Amino acid sequence: MTTATSLQGTFNFRDTGGMPLAAGGTTTPGLFYRSDALSSLTQTGLEELAASDIGVIVDFRTPSERQMAPDRLPVSRPFRVAELPLLEGALSGLVQQGLQSTAGGGDPAEQAKALDAVLAQIPSLGELYVGMLEHGATSFAELARLVANATTAPPTAVLVHCTAGKDRTGVGSALLLDAVGVERSAIVADYTSSGEHLAGEWAERMYGMVAQYGLPLTDEIKDLVAATPASAIERALEWVDAHGGSAAYLQSGGLTGAELAALKGRLTGA
């Protein structure tokens with residue numbers, strides 16, 4: 001088994017190994033990966049995944065998202081799949097709201113008014129992440145637990161993803177990396193790099209899907225789909241800091257002290 005460096009068919013895949021620690025050193029490679037959805041893996045991508053040290057797939061998508069775009073996984077060996085759905089960050093929810101606002105025909109002026117009301121409720125990314133944190137501690141703690149138990153032999157390294165790999169995955173990754181002492185600036189830089197990875201083909205495809213459902217491509221919607229401004233993850237981390245820090249937050253979701261120590265040991269080698 002090898003440390004994965006790419007999965008053909010994804011746009012936002014990477015290993016979190018090699019990130020600088022505030023106390024010195026870097027995070028251990030080959031244990032904790034992050035990505036966009038695996039629904040478009042090519043045959044080469046499937047072979048890369050099969051040959052990798054990844055053995056656990058954590059999927060933060062909702063059931064409807066998984067149904068619309070199921071992950072493609074190799075059949076040559078088993079993978080453990082942990083489904084930990086987080087509603088906040090699901091584009092399908094926004095699409096459903098938009099469709100409901102215009103469903104049933106009727107007065108076009110009233111439909112436009114209803115759609116405007118939906119658009120007015122779209123949160124900023126920072127607000128979205130705070131809502132995610134308020135409801136997602138148990139899911140994020142389970143992600144931490146799985147990474148704490150990750151080994152390279154047998155291959156049980158963890159790959160976490162949602163649809164874009166930037167919001168639910170971005171917050172979850174930031175929490176774990178912050179809890180083990182990765183430099184805050186490096187966490188923010190890792191988050192913002194997702195926007196660069198998603199720009200172009202992936203973003204245009206998602207914009208097309210939004211337009212297909214009759215939703216206007218406002219700046220707010222474009223941000224939700226593909227943007228990763230530093231201010232958004234900084235807002236999330238500020239909220240976490242105000243609630244005792246990332247380690248305490250994960251423990252509020254059920255992570256034990258022993259599991260937290262194991263997480264730090266796995267990801268920092270300490």
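The values are calculated or read from the model by the stated rules, or taken from the named source; none is laboratory data. None of the values given here were measured: they were computed from a predicted structure. Reconstructed Cβ throughout: ideal geometry from the backbone, glycine too, with neighbour counts over all protein chains shown. Remember, those area values only see protein heavy atoms, side chains included, never the ligands or the DNA or RNA. Shrake-Rupley method; radii C 1.70, N 1.55, O 1.52, S 1.80 Å.
I'd like the full set of residues that are of a type outside the set (Ser, Thr, Tyr), free of Cβ contacts under 8 Å to residues at least 24 places away in the same chain and either surrounded by fewer than 16 Cβ atoms within 10 Å (Cβ to Cβ) or not in a loop (DSSP other than H, G, I, E, B) (or both), limited to the stretch 15-35. Explain how you work it out, then say what you get.
Let us first name the residues in the stretch 15-35 that are of a type outside the set (Ser, Thr, Tyr), namely 15, 17-25, 29-32, 34.
Next, only the ones that are free of Cβ contacts under 8 Å to residues at least 24 places away in the same chain stay: 15, 17-18, 24.
Of everything in the stretch 15-35, those that are of a type outside the set (Ser, Thr, Tyr), free of Cβ contacts under 8 Å to residues at least 24 places away in the same chain and either surrounded by fewer than 16 Cβ atoms within 10 Å (Cβ to Cβ) or not in a loop (DSSP other than H, G, I, E, B) (or both) turn out to be Asp15, Gly18, Gly24.
For the condition farther than 15 Å from Leu87 by Cβ, loosely packed, with under 14 Cβ neighbours inside 10 Å and modelled with pLDDT under 95, what is the one hit in Ala117, Ala150? It would help to see each step written out before you state the result.
Details: Ala150 fails: loosely packed, with under 14 Cβ neighbours inside 10 Å.
After ruling out the rest, the residue left standing is Ala117.
From Leu73, Leu49, Leu38, grab the single residue that is surrounded by 19 or more Cβ atoms within 10 Å (Cβ to Cβ) and in a loop (DSSP other than H, G, I, E, B). First the steps, then the outcome.
Working: Leu73 fails: surrounded by 19 or more Cβ atoms within 10 Å (Cβ to Cβ); Leu49 fails: in a loop (DSSP other than H, G, I, E, B).
Leu38 is the lone residue from the list that is surrounded by 19 or more Cβ atoms within 10 Å (Cβ to Cβ) and in a loop (DSSP other than H, G, I, E, B).
Scan the stretch 177-188 for residues that are surrounded by 14 or more Cβ atoms within 10 Å (Cβ to Cβ) and either farther than 16 Å from Ser35 by Cβ or at pLDDT below 90 (or both) and jot them down.
Within the stretch 177-188, the first condition is being surrounded by 14 or more Cβ atoms within 10 Å (Cβ to Cβ), and the residues that meet it are 177-184, 186-188.
Matches in the stretch 177-188: Asp178, Ala179, Val180, Gly181, Val182, Glu183, Arg184, Ala186, Ile187, Val188.
Within the stretch 225-239, how many residues turn out to be assigned to a helix (DSSP H, G or I), in contact (Cβ under 8 Å) with a residue 40 or more places away in the chain and either open to solvent by 80 Å² or more (accessible area, probe 1.4 Å) or under 18 Å from Ala189 (Cα atoms) (or both)?
9
Which residue, of Ala203, Ala144, Ala150, Ala174, is of a type in the set (A, V, I, L, M), within 19 Å of Ala258 (Cα to Cα), touching a residue at least 12 places away in the same chain (Cβ under 8 Å) and in a helix (DSSP H, G or I)?
On the way: Ala203 fails: within 19 Å of Ala258 (Cα to Cα); Ala150 fails: in a helix (DSSP H, G or I); Ala174 fails: within 19 Å of Ala258 (Cα to Cα).
Matching residue, one of Ala203, Ala144, Ala150, Ala174: Ala144.
Hey, Ala258 hits all of (1) assigned to a helix (DSSP H, G or I); (2) among the hydrophobic types (A, V, I, L, M, F, W, C); (3) open to solvent by less than 60 Å² (accessible area, probe 1.4 Å) but one; which does it fall short on?
Here Ala258 meets the rest and fails (3).
With Ser246, Ser194, Ser252 as the choices, which residue is under 27 Å from Thr5 (Cα atoms) and among the small types (Gly, Ala, Ser)? Before you say what the answer is, go through the steps one by one.
Working: Ser246 fails: under 27 Å from Thr5 (Cα atoms); Ser252 fails: under 27 Å from Thr5 (Cα atoms).
Being under 27 Å from Thr5 (Cα atoms) and among the small types (Gly, Ala, Ser) holds for just one of Ser246, Ser194, Ser252, which is Ser194.
Could you please let me know if Thr218 is open to solvent by 30 Å² or more (accessible area, probe 1.4 Å), at pLDDT below 95 and among the β-branched types (Val, Ile, Thr)?
Numbers: open to solvent by 30 Å² or more (accessible area, probe 1.4 Å): yes; at pLDDT below 95: yes; among the β-branched types (Val, Ile, Thr): yes.
Spelling it out, Thr218 is indeed open to solvent by 30 Å² or more (accessible area, probe 1.4 Å), at pLDDT below 95 and among the β-branched types (Val, Ile, Thr).
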